[in-house]
Amino acid sequence: MKKRILVPIDFQVESLNTLKLALKQHTDNEVIIHLVYGELLDESITRMLFYDPGKIIKKRTTDSFTEALSIIRNRYTKNIADIEIELFHGYTITAFKLFALDRNIDEVYLPRTYRMKETSGSINLVDFASRTSLPIKWVEWDTNHGYTASD
């Protein structure tokens, strides 16, 4: 049976280290990965009418992030059933929990030492997830040694 894991991201290559360490814990089974970025939704009527999560994701995704994700896909090809990049726009911890439950998330992997890069309008999903009753797996790596997802 495929496990579903959720990993918060900030579209920095470093945030993919959490994914890489999660995959190392799932070498014997396939996983469906939900990479989730938290962002407050602009509530203007015009923006909501033309809301397109694909455009928001494309705007935030850098070439280096795409390349690092591709390297991870290639290295763990037998373990990865699917990877989805999604947006979370909720305002409460309960909304985040419902978001995860709606996707049948089995485990949430959170970085212990890495701090997500916050921008104007971003949501700290590590804080949200850690305050829910979802099954949390904390992972850490030495953030001072330049360790990246491609190492």
Which of the residues that make up the range 41-72 are of a type in the set (Ser, Thr, Tyr) and over 19 Å from the mean Cα position of the chain (by Cα)?
Ser44, Thr46, Tyr51
Would you confirm, using the coordinates I've provided, whether Glu14 is farther than 22 Å from Phe99 by Cβ, open to solvent by 50 Å² or more (accessible area, probe 1.4 Å) and under 13 Å from the mean Cα position of the chain (by Cα)?
yes
Inside the range 59-81, can you point out the residues that are open to solvent by less than 60 Å² (accessible area, probe 1.4 Å) and of a type outside the set (Val, Ile, Thr)?
Phe65, Ala68, Leu69, Ser70, Tyr76, Asn79, Ala81
Lys24 vs. criteria over 23 Å from Asp127 (Cα atoms) and either of a type outside the set (A, V, I, L, M, F, W, C) or open to solvent by 70 Å² or more (accessible area, probe 1.4 Å) (or both)
yes
What are the residues in the range 27-58 that are open to solvent by less than 70 Å² (accessible area, probe 1.4 Å) and of a type in the set (S, T, N, Q), if any?
Asn29, Ser44
Only one of Glu140, Glu107, Glu86, Glu118 is buried (at least 16 other Cβ atoms within 10 Å of the Cβ) and of a type outside the set (S, T, N, Q); which?
Glu107
If you go through the range 48-98 one residue at a time, how many are closer than 18 Å to Ser15 by Cα and in a loop (DSSP other than H, G, I, E, B)?
3
From the list Leu6, Leu19, which residue is surrounded by 13 or more Cβ atoms within 10 Å (Cβ to Cβ), at pLDDT 90 or above and in a helix (DSSP H, G or I)?
Leu19
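The values are calculated or read from the model by the stated rules, or taken from the named source; none is laboratory data. Predicted model only: the values in this text are computed from it and were never measured. A quick note on method: Cβ atoms are made from the backbone with ideal geometry, for glycine too, and the neighbour counts reach across all protein chains shown. For the accessible areas, the whole protein counts, side chains as well, though only heavy atoms, and no ligand, DNA or RNA atoms are used. Shrake-Rupley method; radii C 1.70, N 1.55, O 1.52, S 1.80 Å.
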